Amino acid sequence: MKIRIPLLMLALALAASATLSAHAAVCSNYTIQGSYAFTIHGTIFLPNGATILIDGIALQTFDGRGNVTQVDAVADNGVLPPGWRPGAGSYSVNPDCTGTETIVVPGTPDLHLQIIVAQGGNTIHQVVIDPGIATTAEGERIKAPQQHEERDW
């Protein structure tokens, strides 16, 4: 009997720990809010067999409700157009912290991405899923949304 009680306590502690860990990993659109700095790397495969190397950076701002805006600077084969290129889109985060994102940049085809949200929403991993585009991005939160406080003035 004395051995069973410690084993039962251990089993209960492990079960409680697993429940808390599983609860902490639940994500939603609200998990990613604020501004994130992304590093972009990849290759575009053209129908004629040629390739275009992609390297760049982006600043994406997520609103916690499924909307995203961005500016990016992306070089194709080492050629970077001047200035920042704006874009906007939408995203959806699943409870298991996977999700999807669509980015619309005027004058280019829409980009469709799969994402993984990590580190409690502080990191986002992205991969473009459009055919012929093998591009990934890693982003980290650089600015959390402002917390509004109610004040009596």
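The values are calculated or read from the model by the stated rules, or taken from the named source; none is laboratory data. All figures in this text were calculated on a predicted structure; none of them were measured in a lab. FYI the Cβ positions are ideal-geometry reconstructions off the backbone, even for glycines, and counts take in every protein chain you see. When the accessible area is computed, the model is the full protein with side chains, heavy atoms only, and any ligands, DNA or RNA have been set aside. Shrake-Rupley method; radii C 1.70, N 1.55, O 1.52, S 1.80 Å.
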Before we move on, is W153 open to solvent by 70 Å² or more (accessible area, probe 1.4 Å), of a type in the set (A, V, I, L, M, F, W, C) and modelled with pLDDT under 95? yes
Filtering region 89-106 for residues that are assigned to a loop (DSSP other than H, G, I, E, B) and either open to solvent by less than 50 Å² (accessible area, probe 1.4 Å) or within 21 Å of A37 (Cβ to Cβ) (or both) leaves a count of 2
What is the number of the single condition among (1) within 17 Å of Y30 (Cα to Cα); (2) of a type outside the set (D, E, K, R); (3) open to solvent by 60 Å² or more (accessible area, probe 1.4 Å) that L80 does not meet? (1)
Please verify whether region 107-121 includes one or more residues that are open to solvent by less than 50 Å² (accessible area, probe 1.4 Å), free of Cβ contacts under 8 Å to residues at least 40 places away in the same chain, β-branched (V, I, T) and part of a strand (DSSP E or B). yes
What is the number of the single condition among (1) open to solvent by less than 90 Å² (accessible area, probe 1.4 Å); (2) more than 16 Å from T136 (Cβ to Cβ); (3) at pLDDT 95 or above that A75 does not meet? (2)
Going through region 122-141 in order, the residues found to be open to solvent by 50 Å² or more (accessible area, probe 1.4 Å) and assigned to a loop (DSSP other than H, G, I, E, B) are N122, I129, P131
Please find, among A58, A37, the residue that is open to solvent by 30 Å² or more (accessible area, probe 1.4 Å), under 27 Å from A144 (Cβ atoms) and not hydroxyl-bearing (S, T, Y). A37
Would you call T69 of a type outside the set (D, E), open to solvent by 50 Å² or more (accessible area, probe 1.4 Å) and under 20 Å from the mean Cα position of the chain (by Cα)? yes
Number of the exception - P86 against (1) open to solvent by 70 Å² or more (accessible area, probe 1.4 Å); (2) more than 16 Å from I124 (Cα to Cα); (3) in a loop (DSSP other than H, G, I, E, B); (4) not hydrophobic (A, V, I, L, M, F, W, C): (3)
Since T69 meets every condition but one in (1) at pLDDT 95 or above; (2) outside any strand (DSSP E or B), which condition does it not meet? (2)
